1. From Thr172, Thr190, which residue is within 14 Å of the ligand (Cβ to nearest atom) and surrounded by fewer than 20 Cβ atoms within 10 Å (Cβ to Cβ)?
2. Residue by residue through the range 106-125, note down the ones that are part of a helix (DSSP H, G or I) and surrounded by fewer than 21 Cβ atoms within 10 Å (Cβ to Cβ).
3. Return yes when Leu94 is surrounded by fewer than 22 Cβ atoms within 10 Å (Cβ to Cβ) and either within 17 Å of the chain's Cα centre (by Cα) or not basic (Lys, Arg) (or both) and no when it is not.
4. Could you list all residues from the range 138-163 that are more than 9 Å from the ligand (Cβ to nearest atom) and either within 17 Å of the chain's Cα centre (by Cα) or modelled with pLDDT under 95 (or both)?
5. Do you know which of the residues in the range 23-52 that are surrounded by fewer than 24 Cβ atoms within 10 Å (Cβ to Cβ) and acidic (Asp, Glu) is nearest to the ligand (Cβ to nearest atom)?
6. Can you pull out every residue in the range 217-244 that is part of a strand (DSSP E or B) and under 27 Å from Arg187 (Cβ atoms)?
7. Only one of Lys18, Lys79 is surrounded by 19 or more Cβ atoms within 10 Å (Cβ to Cβ), basic (Lys, Arg), under 18 Å from the mean Cα position of the chain (by Cα) and under 23 Å from Leu242 (Cα atoms). Can you tell me which?
8. Between a residue in the range 159-173 that is over 26 Å from Lys32 (Cα atoms) and any residue that is within 10 Å of the ligand (Cβ to nearest atom) and at pLDDT below 95, which pairs come within a Cβ distance under 8 Å, given they are 6 or more apart or on different chains?
Amino acid sequence: MLSYRHAFHAGNHADVLKHFVLVQLLEYFNQKDKPYWYIDTHAGAGCYALDEAFARKNAEYEDGVGRLLGRKDVPKELKSYLKLVRDLNSAGKLRLYPGSPCCAAPLLREEDRMRLFELHPADNKLLQKTFETAGSKVMVLQQDGFTGINAFLPPPPRRALVLMDPPYEVKTDYRTVVSSLKECLRRFPTGTYAVWYPKLHSMESRELPEKLKRLPITSWLHVSLDVRSPSSDGYGMHGSGLFIINPPWTLNEILKKTLPYLVTVLGLDTGASYTLESEIP
Ligand code: SAM
């Protein structure tokens, strides 16, 4: 089923958390003078026009990145992420929002490589167009990212950051994330894997972090940001989370400093909160 279009949600609170953490991970990778691959198993369209019908429908970015851009009290840890957004919007007005591939692209260095999976024909076409002049540095594939990734593991430089960000429109995505990661870890146990998930009322969503902790891993970090209390009718997303396997040892401190700020700025009611837990030997 391919009814999900990320354009409806571009720049919302979940994108803020995901893309802020993604930038932190890439900046950490860049500290070492050794190439790496960035693999995005569910890449989306690449970049989103916030003034087009999809994004305008619910204007989710207004309560997401829109709340952060004008502020003067932003913690320094959030600045590189916000700079990426500002750099896309040189005219000052927020018109474009960078999806994960467009957050990553400006941070990758000459020797680094990007491999992007996107199954939706329309979003894949947009993604191809965005990277049409990037040459062999970027490869855009219209394949199932859950299995397609296997062909790239282990990557030639033996360093990689994987973002696994499925739509979870079908409940099987929760199971497939776990089985796909099992195979990824078998092929490449030392990679860094960031898995995004929505916080919903459903059992599948609530159980996912515990299932991920039971993978054959020794080092992980789990962060989640709720922007409101779960709704009484059980519908809708009240927050989101990221589970990171083999995270940088510095990430926990960075998130400790930043998440309270995000709760204050993005919170919609008294249920706004965050969780942060990790096991990093
Ligand atoms: N990672 C993007 C970002 O942060 O900007 C957003 C991705 S969106 C949450 C999920 C995307 O996965 C959708 O564009 C959808 O079309 C695509 N998709 C769904 N199933 C897929 C699959 N099995 N393999 C690759 N892409 C898939």
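The values are calculated or read from the model by the stated rules, or taken from the named source; none is laboratory data. None of the values given here were measured: they were computed from a predicted structure. Every residue, glycine among them, receives a Cβ derived from its backbone with ideal geometry; neighbour counts consider all protein chains shown.
1. Thr172
2. Across the range 106-125, the qualifying residues are Pro106, Leu107, Pro121, Ala122, Lys125.
3. Yes; evaluated as a whole, the condition is true for this residue.
4. Step one: list which residues in the range 138-163 are more than 9 Å from the ligand (Cβ to nearest atom), which gives 138-140, 149-162.
Within the range 138-163, Ile149, Ala160, Leu161, Val162 qualify.
5. Here the answer is Glu52.
6. Hits for the range 217-244 are Trp220, Leu221, His222, Val223, Gly241, Leu242, Phe243, Ile244.
7. It is Lys18.
8. Pro167/Tyr4; Pro167/His6; Glu169/Met1; Glu169/Ser3; Glu169/Tyr4; Val170/Met1
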